[in-house]
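Let me begin by presenting the structure, written as structure tokens, before commenting on it.
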Amino acid sequence: MITQNILSIVLALPVLGAAIVFLLPRQAAGAIKATGIAFSLVAFVLSVWLFIAFDAAAPGMQFVERVPWIPSLDVSYHIGIDGISLLLVVLTTFLTPIALLASWDSVKDRLKGFVALMLLLEMGTLGVFLSLDMFLFYVFWEFMLIPMYFIIGIWGGAERVYAAVKFFLYTMAGSLLMLVAIIWLGYYASTVEGGHFTTNLLTLYDIAPSIPFGIQSWMFLAFTLSFAIKVPIFPLHTWLPDAHVQAPTAGSVILAGVLLKMGTYGLVRFSLPLFPAAAIEFLPYVAALAVIGIIYGALVSTVQPDLKKLVAYSSVSHLGFVVLGIMSLTEEGVQGGMLQMISHGLSTGGLFLLVGMIYDRRHTRMIKEYGGIARIVPVYATMFMIVMLSSVGLPGLNGFVGEFLILLGAFKSTFLASRWYAVLGASGVILAAVYLLWSYQRVFFGKAENPENAKLKDLTVREWVVLVPVLVFIVWIGIYPKTFLDKSAVATKQVVQRLEDARRGAPAGMALVPVSNGKQLLP
Amino acid sequence: MTYELVPLAVLLPFIGFLINGLLGRLIKREAVIGAIGSAAVGIGFLIGLNVLFSMLAADPEHRTHVVELFPWISAGGLQTSIAYQIDPLSVVMLLIVTGVGFLIHVYAIGYMHGDPGFWRFFTYLNLFIFAMLNLILADNFLLMFLGWEGVGLCSYLLIGFWYDRNFEKGTTGDAAKKAFIVNRIGDFGFLIGMFLIFTTFGTLRFAPVFAQAEAFPVGAPIMLAITLALFVGATGKSAQIPLFVWLPDAMAGPTPVSALIHAATMVTAGVYMVARCSLLYALAPATMTVVAVIGASTALFAATIGLVQNDIKKVLAYSTVSQLGYMFLAMGVGAFTAGIFHVMTHAFFKALLFLGAGSVIHAMHEEQDIQKMGGLKSHVPITYRTFLLASLAIAGIFPFSGFFSKDEILWKAFAGGHIVLWAMGLFGAILTAFYMFRLVSLTFDGEPRWAHGKHPHEAPATMTVPLMVLAFLSVFGGVLGIPAALGGGNAIEQWLEPVFRPALDKLPHEGHASHVLEYTLMIVSVGVALGGILVARRWYRSTTGVPEGIAARFPVIHRVLVNKYFVDEAYDAVVVNPIQKGSERILWKGIDVGVIDWLVNASARFVAYLSRTVRVVQTGVAQGYALAFVLGVVAILGWLLVH
């Protein structure tokens, strides 16, 4: 029973937690926080079990559940995982309790709402990664916006409303196009011989590649635009710095750690396998934007006076790596991209946690307010150093593994057909050292001259508990990435194989032949 | 069993790093912390010796062993492991790193006494040894890269060790950051090199890469690309033109660090990497020329700067850059053994020079300006004598160790027909002898130029004993490479022969040069070195006014040399400032805020304007909305169905 419905249980736990939090009295702050952390922890434990039980060698979806929802349109509650979603599910359940624990003292106002929204956000995010039905996916995709909007808009900084609205509108603009594309896809399924309207992703995998190239291009662009905003890919990234800077720490951690990955996940799950012909055509352009993002994000990051904004822009650079890896369509590159999603969640999530800790003490994120604090808070400085080095991509820590595989994949990719993507992308490795080391130096090294910093307290026990799990995985992935790479190998290979077949003109999974000429379906 | 112990030699410094790093603050006692740190390295040296003896007992063709621990990064076609390759080359490096490393650890117990960061210092030092051993023992390029970046990190941490101190125009933090970033520029080349190797050979392991490379013709373009990319990495790590700028600033770190990392071991990693890939380089003659020219140019260029520096560590830093140039000259002319031999002798005498300088700085209460020293000979006798021996060794005086290794390089350059490179090297040797004895004379000879309040005293035994051991090695280390012309067996050449044989087979064979010519050149180089020494002693032993007179006659040259050819200033103006200003003004405030966000906000305003206009339809009657909604859905579905 538990095994069969494990995914639904993981999905339901945060909702249940949110419901209980709602029922608790407002004054019971401790109970509210404990409930939130307890439920998210149980979800994490279950997902670890999922990770262990997952059969890495088996192709296709595992732990699948399917219940009809709107039978006439073949919409169903259809969830399952493969090697691509597994890691992201674990990352989500891992970061949520950490984010909640990190806000133990910093969120006091309207605590009930905060904890409940964080749990609902977890549910929405998990739903996105688990859905095997396009309609269900879309529901989760949109749903997730609402808690995030309120988390930024209510518990955020001074300009939280502007940031929240910007985040909301940017994302909505993209997802509306995706909705149209989903409806069209479902409709297209009814036009093939023996077909009917469906939003079942697994069925659509077989049908969609046969869409004529012209329309396939529009479909690809509609999906990819929506994902590109979420990632974000340059030049659609300007919502990100505002959202991050204004969001409370927990919001930033989840936003950077998990939400951005919904975009890159969407590319692997939908854009590439559904529309292979169009993807092959457009991927050099997407990869080019990714490379621009790597360099641009790093350069803009270098000159930020606000530590949190610096980390935010660095995400643009790091996610550029992920997109480049995916677009390389090599096993090395896509595997690297998958792992880099996790690594970025740990390193950038970790950096946001650390920035939040110093902000809680000094209520400023301006780099120039600090300087020389390594002597005052040595343990904090050491933790920051390790997480920073992970973000820099130092071999032996997690960031390097993904980055190396991505660049290697991009370098050997026959889909990209130019080594310049990798060579220019690799320059991001230099720039990452520039912006991170420079900011580290300005915050921690030198003489401690600002008297405001003289009484800074070093890490508390609670903060240790928040950071140590992150550090464990930073080192684990760096030294023994096999644990994680093995899980995603088969699924990655399938995606790559699918695109390679499409390039060779082999009708991969195109068993069904369209009866009407697709060109007439849309102008 | 012997070879299986090698991973332990790698692991021990890591354990030392963990113990001192996690518990050092609690242990507090310097003796315990220092003993843990030193033992972790010293045991590695014993393991290395044991391996050496087993190898000596084995047949020369069967001295290579690979010990595989566990798989590391594997995806798609890439399979890499944490695996160590033990062969005659890596065991030589293992012994240098752990041997010299051990002595410097012991020295540091005395040198760092009383420093509040004592435990942190030994933590970083052990981490460095761990990374360095990965670098030299790796059986594949990726693990080598782990060590390569790891030593860079430790260098960064140790240069910035006294992170709240000022250094020159900035802080130690500036110097540390500069070292890491310049090294990363080199690492970029290393990365590209690895990508090329993987796409060419389908693996990053040394053995299969080199086995496949045998099939490539000499001059194959891909070999040119691979070796040039890797060499970019080497110029960063080993401080060659154009990426040498970080090493002089690296002197901001404590002096044992300068001795260990920035003289004896880490900076020779680039030389080691070229030696390890000697076959690939031999297949790319054009790269060999580039390596030789960069090496000879750096040797000469850095030596000229060393002539006029007044900071005792700065002189030694430029001297290191210069000596590394000789090693690359050796690589470039195909004298791989001579290059590694010079790595070894240089590790002895340059470590000694730095440690001696540390002893002097210690005695002078943190003074580093040699203009404010003088007459220290009698106050620090052990330091003086050992420093003098090391200076004779680096100057290339017979029969000190430096003579054999440097002369071997110059001889191979000459015998290979590279007369210009040989002449550059020879001229560099004169300058070396000159600046070293300028340093010796200004520091130890003549009248004291320091304030009367100071009472210079000799360092404790933990510091002087390592000095004496290194002095012994600096004097006698040359016996390992006495050339046949002098009746020696050139033991090191025979030892490394199996490693370099594949590369040497690809190189054009030089004609057999006569011993008479070799003797002549030896006499020439020792003669000019002696000349350099004598001039320096005459000018600087007491205040003669001669150097000042020369400086006054050639003010432009003097100014250029004192300011190190203004290379730092040029890099700032051409690279650093444009990137910084451009990122801020054009990218961030221009494109991000000015263009993209303006468009986003403008479209939001446009929508707001439209909404105000169409607000009239917003009646607030829900039924009206529902009707409009249903009509809309019907219209869309109808349209889709009709078409």
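No lab work stands behind these numbers, since they all come straight from the coordinates. The structure displayed is predicted, hence computed values, not measured ones. Neighbour counts are summed over all protein chains in view; Cβ atoms, including those assigned to glycine, are modelled from backbone coordinates with ideal geometry.
Each distinct pair of alpha carbons in the stretch A:275-489 adds a 1/r term; the inverse of their mean, the Kirkwood radius, is 17.7 Å. Among the listed pairs A:LYS308/A:LYS447; A:LYS166/B:LYS581; A:LYS447/B:LYS237; A:LYS261/A:LYS457; B:LYS237/B:LYS454, those with a Cα-Cα distance over 32 Å are A:LYS261/A:LYS457; B:LYS237/B:LYS454. Given R₀ = 45 Å, FRET efficiency for B:HIS452-B:LEU11 by Cβ-Cβ distance, to 0.05? Calculated value: 0.30.
For B:GLN79, the residues whose amide H sits under 5 Å from its own are B:LEU204, ignoring neighbours fewer than 5 places away on the same chain, with H placed 1.01 Å from N. A convex hull fitted to the Cα coordinates of the stretch B:1-157 yields 111 cubic angstrom per residue.
In summary, the aspartates and glutamates within cross-link reach of B:LYS506, defined as a Cα separation below 12 angstrom excluding same-chain residues under 8 places away, comprise B:GLU214. For B:PHE167, the residues whose modelled amide H falls within less than 5 Å of its own, excluding neighbours fewer than 5 places apart on the same chain, are B:THR172. Out of every Cα-Cα pair that the protein assembly as shown contains, those further apart than 57 angstrom amount to 22 percent.
Scaling the Cα radius of gyration of chain B by the globular reference 2.2 N^0.38 Å produces a ratio of 1.14. Per residue, the convex hull spanned by the alpha carbons of the stretch B:102-185 comes to 90 Å³. The calculated FRET efficiency for B:VAL560 paired with A:ARG362, based on their beta-carbon distance and R0 = 45 Å, is about 0.45.
Computed over the stretch A:429-511, the alpha-carbon pair-distance distribution with 10 angstrom bins reads 12, 18, 26, 18, 13, 9, 4, 0, each value a whole percent. With the gyration tensor restricted to C-alpha atoms of the stretch A:207-366, the semi-axes of the equivalent ellipsoid amount to 31, 14, 13 Å, longest first. Note on B:VAL607 and B:LYS372: their simple-model spin labels are 6.6 nm apart, each label 7 Å out from Cα toward Cβ.
Please state the shape class of the stretch B:401-488: rounded when a/c is under 1.5, otherwise prolate if a/b exceeds b/c and oblate if not, all from the C-alpha gyration tensor. Since a/c reaches 1.5 but b/c is at least a/b, the shape of the stretch B:401-488 is classed as oblate.
Within the stretch A:216-304, none of the trypsin sites (Lys or Arg not before Pro) combine a DSSP coil assignment with at most 15 other C-beta atoms in a 10 angstrom radius. Using the rule -39500 (n - 2.57) for each DSSP H run of four or more residues, divided by the residues of chain A, the 222 nm mean residue ellipticity is -23500 deg cm²/dmol. Note on the stretch A:120-240: semi-axes of the ellipsoid equivalent to its C-alpha gyration tensor, largest first and rounded to whole Å, are 31, 16, 9.
Note: chain A, Cα convex hull, 132 Å³ per residue.
Close amide H pairs (under 5 Å, H built 1.01 Å from N) link B:VAL245 with no residue at least 5 positions away or on another chain. FRET efficiency for the pair A:ALA158 and B:ASN310, taken as 1/(1 + (r/R0)^6) with r the Cβ-Cβ distance and R0 = 60 Å, rounds to 0.70. Straight-line cross-link reach from A:LYS33 at under 18 Å between alpha-carbon atoms covers these lysines, not counting any fewer than eight positions away in the same chain: A:LYS108, A:LYS112.
Using only side-chain charges placed at the Cβ, +1 for Lys and Arg and -1 for Asp and Glu, the dipole size of the protein assembly as shown relative to its Cα centre rounds to 2400 debye. In terms of its C-alpha gyration tensor, the stretch A:36-121 has an oblate overall shape, because the principal axis ratio a/c (a ≥ b ≥ c, square roots of the eigenvalues) is not below 1.5 and a/b does not outweigh b/c.
Along chain B, the longest continuous region that contains none of the GluC sites (Glu not before Pro) in a DSSP loop with at most 13 other C-beta atoms within 10 Å is B:1-213. Per-residue 3J(HN,Hα) values for the stretch B:522-539, derived from phi via the Karplus relation 6.51 cos²θ - 1.76 cosθ + 1.60 with θ = phi - 60°, read 4, 5, 4, 5, 5, x, 5, 5, 4, x, x, 4, 5, 4, 4, 5, 5, 6 Hz in sequence order (x marks Gly and Pro). For the stretch A:275-489, relative contact order (Cα pairs under 8 Å, six or more residues apart, normalised by length) works out to 29 percent. In order along the stretch A:281-286, phi translates into HN-Hα couplings of 5, 9, 5, x, 6, 4 Hz, rounded to whole numbers, per the Karplus curve 6.51 cos²θ - 1.76 cosθ + 1.60 with θ = phi - 60° and x for Gly and Pro.
Legend: residue pairs B:LYS314/B:LYS564; A:LYS309/A:LYS368; A:LYS368/B:LYS314; B:LYS177/B:LYS589, Cα-Cα distance threshold 20 Å; pairs beyond threshold, A:LYS368/B:LYS314; B:LYS177/B:LYS589.
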